[in-house]
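Below is one structure, written out as structure tokens; the observations come after it.
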Amino acid sequence: MQCLTVSAAKVGKTSLIMSLVGEEFPERVPPRAEEITIPADVTPEKVPTHIMDYSGTEPAVLAANVVCVVYDVTNEDTIEKIKTRWIPLVNGDAEKGNKYVSQWEFIELRLLLGKGAELEGNTRWSTGRYS
Ligand SMILES: Nc1nc2c(ncn2[C@@H]2O[C@H](COP(=O)(O)OP(=O)(O)OP(=O)(O)O)[C@@H](O)[C@H]2O)c(=O)[nH]1
């Protein structure tokens, strides 16, 4: 399974991947995370999972089975971009039959480190649907 993270600039997609791999929030974040493959035996679904950091190319989006859209709950622009940028980008080739996503899972797991809310213990986890 190919999983691609996308986001507005500097929202934290590289940090998210590095947190997953390193099991802690990274102090230093490179411009892009290395591509990683999580072996099947350590995934709940027993499917090898290849995780890629978005480099701004459409082929990467078309190759992905899962697109993980990262946004900042403290920045409305990054939420608005889900509608104005990421949904059109992922569904962009629908007319050619390449890809069409009719149902979006919406999972909020932003940690808000250093932006105030996490200091007040407001870290939130929730799930929902976006369509
Ligand atoms: N406060 C806070 N800062 C974060 C969080 N995640 C990432 N950051 C910080 O935000 C900055 C950008 O993080 P990146 O992971 O490089 O973001 P990105 O979306 O990969 O950035 P680009 O791909 O370069 O646009 C870094 O200084 C991170 O430490 C978070 O959950 N809370």
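The values are calculated or read from the model by the stated rules, or taken from the named source; none is laboratory data. Quick caveat, the model's predicted, so the values are computed rather than measured. Using ideal geometry, Cβ is built from the backbone for each residue, glycine included, and neighbour counts are taken over all protein chains shown. Please note that ligands, DNA and RNA were not included when accessible areas were found on the heavy atoms of the full protein model with its side chains. Shrake-Rupley method; radii C 1.70, N 1.55, O 1.52, S 1.80 Å.
Picking from residues in the range 49-88 that are more than 16 Å from the ligand (Cβ to nearest atom), among the polar types (S, T, N, Q) and open to solvent by 60 Å² or more (accessible area, probe 1.4 Å), the one that is farthest from C3 (Cα to Cα) is T84.
Could you check, for the range 10-25, whether at least one of its residues is over 20 Å from P88 (Cβ atoms), surrounded by fewer than 17 Cβ atoms within 10 Å (Cβ to Cβ), of a type in the set (V, I, T) and within 13 Å of the ligand (Cβ to nearest atom)? Yes: one or more hits. Sub-7 Å Cβ pairs linking a first residue in the range 20-32 that is closer than 16 Å to I51 by Cα to a second residue that is of a type outside the set (D, E) and more than 8 Å from the ligand (Cβ to nearest atom), at least 6 apart or interchain, are V21/I36; R32/S55, ordered by first then second residue.
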